[in-house]
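Take a look at the structure below.
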Amino acid sequence: MSSEQHHDMSKMQMNTKCVHFGYNPSEHHHAANPPIYLSSTFEFDTAEACADAFCGKPQPGQCNIYSRLTNPTTNILELRLAAIESAEAAVATASGIGAIASTFWTFLKAGSVLIASNRVYGCTYALLAHQLTRFGVNVQFVDMTDLKAVAELLNKFETVDMVYTESIQNPTNDVVDLEEISKLAHAKKARFVVDNTFATPISCNPLKFGADLVIHSATKYLIGGIFTAGAVMGSADDICKIRFIGIKDCTGAVIDAALSFAMIQGIETLHLRVKCMSDNARQLAEFLEKHPKVEKVVATALPSHPQKDLVAKYLSIPNGLFSVYVKGGIKECQAMMNKFQLAYRAVSLGKTHTLVNHPASMTHSTYTQQEREKYGIADNLVRISVGCEDAIDIINDFKQALE
Ligand SMILES: Cc1ncc(COP(=O)(O)O)c(C=O)c1O
């Protein structure tokens, strides 16, 4: 592919961007796969070129200093990540929590006010509730699906530094009204940060609805559940700050070049896996919704989802993960989980294998029982991340597990 042909890539559709964006074989000895630059440091032609690079004005071909800052393989990945989230720029990280912590370290300080959703991934909650607060950040939790409550909380403060949510909340699978929350956040001049892990860039691009930064636990759908990695996408200015303050100086949550290569490979099939998981999730959710041992199912694929309008507005395809409320409590959930023969009893999501998690005793055990009750994380909730197996086999596994 010539350089001119590659230049046109920004006009291509999402699926094409997933496969090609950011990599031009003609610039890399025509290798069909990007090379892995396993080098911690980079050599300069002259001392002046070193100085220029350190001033942020690198000479042509002399822009890499050290792999904690930039790396040529990671650079290909970051171009692709930015393209699929419709962002100006992206920075890849060693994990999703690395991406979240690096973002917090960059933009918050002692005395900052951070308003966060009360239903988020358990370790994000621990970081917000127990760690950031140790450094003097005023963290306030709110139900992000309650616009009135969010507005009231924001109005209690003269300035708010950040509003943080997941686009589809963990583990309840409810959808946040991103456009409305972004208006409320911006009225207070707060940065609006959205973890888009559950939705994936294939289904939703929060930046188009007013988010300032989008975060991914790339461990999940982007890589396909094989390795741990993360990413942040947003304006070139914000991403530069996260790279040079949050990651370089604070967390060091830097991604390795081999891992960047793995994520590039993962993104090449992202659109296929997301569609397959979405379709399988719909079939399994339809089956479970009618099952006598199931109290209710909250799945964006089902017409019964309590926020049908928001699902239609924000998700181009339903997500492949959903919540099932089993009749009974922890005992009944565990009885079902112990019988799985195909699905894995495991945390995480977006993997090709179907994964079943009991949030109250697993991912969300970082919340106290009281907090879970207050925020609607029920004991009888089971979170299912549907994989790429055949839907018939997944349904049969659930059928026998519920017998
Ligand atoms: C929604 C969400 N965000 C962030 C994370 C943290 O990502 P990682 O495990 O890659 O650090 C997770 C992990 O499960 C998650 O589910």
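The values are calculated or read from the model by the stated rules, or taken from the named source; none is laboratory data. On a predicted model such as this, the values are computed, not experimentally measured, just so you know. Heads up, the Cβs are rebuilt from the backbone with ideal geometry, glycines too, and the neighbour counts pull from every protein chain shown. SASA here: full protein model, heavy atoms, side chains in, ligands and nucleic acids out. Shrake-Rupley method; radii C 1.70, N 1.55, O 1.52, S 1.80 Å.
Among the residues examined, Ala87 does not qualify as part of a loop (DSSP other than H, G, I, E, B), within 30 Å of Tyr375 (Cα to Cα) and aliphatic (A, V, I, L, M). Kindly evaluate Ser112 against the criterion of being of a type outside the set (Lys, Arg) and either farther than 29 Å from Gln369 by Cα or within 16 Å of the ligand (Cβ to nearest atom) (or both). No; evaluated as a whole, the condition is false for this residue.
Got at least one residue in region 56-76 being assigned to a loop (DSSP other than H, G, I, E, B), of a type in the set (A, V, I, L, M) and in contact (Cβ under 8 Å) with a residue 60 or more places away in the chain? There is at least one residue in region 56-76 that is assigned to a loop (DSSP other than H, G, I, E, B), of a type in the set (A, V, I, L, M) and in contact (Cβ under 8 Å) with a residue 60 or more places away in the chain.
The set of residues in region 377-402 being of a type in the set (Gly, Ala, Ser) and assigned to a loop (DSSP other than H, G, I, E, B) consists of Ala378, Gly387.
For region 193-223, residues that are closer than 24 Å to Pro306 by Cβ, away from the ligand (no atom under 16 Å from the Cβ) and without any contact (Cβ under 8 Å) to a residue 40 or more places away in the chain total 1. From the list Ala116, Ala82, Ala87, Ala110, the one residue that fits, being within 15 Å of the chain's Cα centre (by Cα), of a type outside the set (Val, Ile, Thr) and closer than 30 Å to Thr133 by Cβ, is Ala87. Can you say whether Ile223 is within 17 Å of Leu127 (Cβ to Cβ) and either open to solvent by less than 40 Å² (accessible area, probe 1.4 Å) or outside the structural domain of Leu355 (by TED's automatic domain parsing) (or both), as far as the supplied structure shows? No: the conditions fail for Ile223. All told, Gly122 meets the bar of being within 15 Å of the ligand (Cβ to nearest atom) and touching a His at 6+ places or on another chain (Cβ under 6 Å).
Would you say Ala185 is away from the ligand (no atom under 16 Å from the Cβ) and either at pLDDT below 95 or crowded, with 24+ Cβ neighbours inside 10 Å (or both)? Considered against the rule, which asks whether it is away from the ligand (no atom under 16 Å from the Cβ) and either at pLDDT below 95 or crowded, with 24+ Cβ neighbours inside 10 Å (or both), Ala185 comes out as yes.
All of (1) closer than 15 Å to Ala262 by Cα; (2) surrounded by 14 or more Cβ atoms within 10 Å (Cβ to Cβ) hold for Ala32 with one exception: (2). Of the helices (runs of 4 or more DSSP H) that lie entirely inside region 258-376, those containing 3 or more residues that are open to solvent by less than 60 Å² (accessible area, probe 1.4 Å), out of contact with any helix residue (DSSP H, G or I) (no Cβ under 6 Å at 6 or more places or on another chain) and hydrophobic (A, V, I, L, M, F, W, C) span 270-289, 330-338. Every condition in (1) within 16 Å of the ligand (Cβ to nearest atom); (2) crowded, with 21+ Cβ neighbours inside 10 Å is met by Thr228 except one, and the failing one is (2).
Identify the residue in region 76-102 that is within 16 Å of the ligand (Cβ to nearest atom), small (Gly, Ala, Ser) and closer than 15 Å to Ile267 by Cβ and, among all such residues, is surrounded by the fewest Cβ atoms within 10 Å (Cβ to Cβ). Residue satisfying both the conditions and the ranking: Ala90.
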